[in-house]
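Here the structure comes first, spelled out in structure tokens, and everything after it is commentary.
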Amino acid sequence: GAFLKGAFLKGADLRGADLRGAFLKGADLRGADLEGAFLGGADLRGADLRNADLRGANLGVANLRVANLRDADLEGAFLKFADLRVANLRDADLEGAFLEGAFLGGADLRNADLRGADLRNADLRNADLEGAFLKGADLRGANVEGTILDKD
């Protein structure tokens with residue numbers, strides 16, 4: 001439950017850190033190494049996580065609304081019921097990520113790698129998935145109303 005609002009943690013080594021329930025709203029975590037970190041229930045609204053390494057991180061029920069995760073590595077990350085509404089996940093690696101029940105409404109997922117991702121019951125309304133890699137992704141029960149898959 002650490003209070004780190006607006007913290008400057010650019011490039012920080014936080015591998016395996018326990019940041020459960022931390023308040024990181026607006027934090028600068030560009031290029032941070034959060035591999036295997038536990039961020040369950042953390043408030044990361046508007047945080048800058050561009051190029052961050054979040055492989056295998058636990059972000060279950062985390063609030064990542066309007067967060068910038070462009071080019072972030074979220075391979076195998078746990079994002080069950082995470083709030084990623086209007087988040088920037090462009091070019092992010094979400095291969096094998098667990099996004100069951102995640103809120104991705106209005107998210108930018110252009111060119112994201114979602115191969116083998118679990119998106120069951122996820123809310124993808126009005127998300128932009130143009131150019132995204134979806135091979136083997138599980139979209140059963142997902143709400144894809146208004147989702148952009150290909151502009152051509």
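Our estimate of slack between Arg20 and Arg140, defined as 0.36 nm per intervening residue step minus the Cα-Cα distance, is 40.3 nm. Inverting the pair-averaged 1/r between distinct Cα atoms of the chain gives 14.6 Å as its Kirkwood hydrodynamic radius.
Nonpolar atom fraction for the chain, defined as the carbon and sulfur part of the 1.4 Å probe accessible area, stands at 47 percent.
The charge dipole of the chain, taken about its Cα centre with unit charges on the Cβ of Lys, Arg, Asp and Glu (plus for the first two, minus for the last two), comes to roughly 460 debye. Between the alpha-carbon centres of the stretch 92-152 and the stretch 1-69 there is a gap of 21 Å. Lysine pairs in the chain whose alpha-carbon atoms fall under 27 angstrom of each other, counting only those eight or more residues apart or on distinct chains, come to 7.
Extension gain, Lys10 to Phe81, is 22.9 nm, computed as 0.36 nm per intervening residue step minus the present C-alpha separation.
The values are calculated or read from the model by the stated rules, or taken from the named source; none is laboratory data. Keep in mind it's a predicted model, so treat the numbers as computed, not measured. Note: ideal-geometry Cβ built from the backbone for every residue, glycine included; neighbour counts use all protein chains shown. The area values use the complete protein model at the heavy-atom level, side chains included, leaving out ligands, DNA and RNA. Shrake-Rupley method; radii C 1.70, N 1.55, O 1.52, S 1.80 Å.
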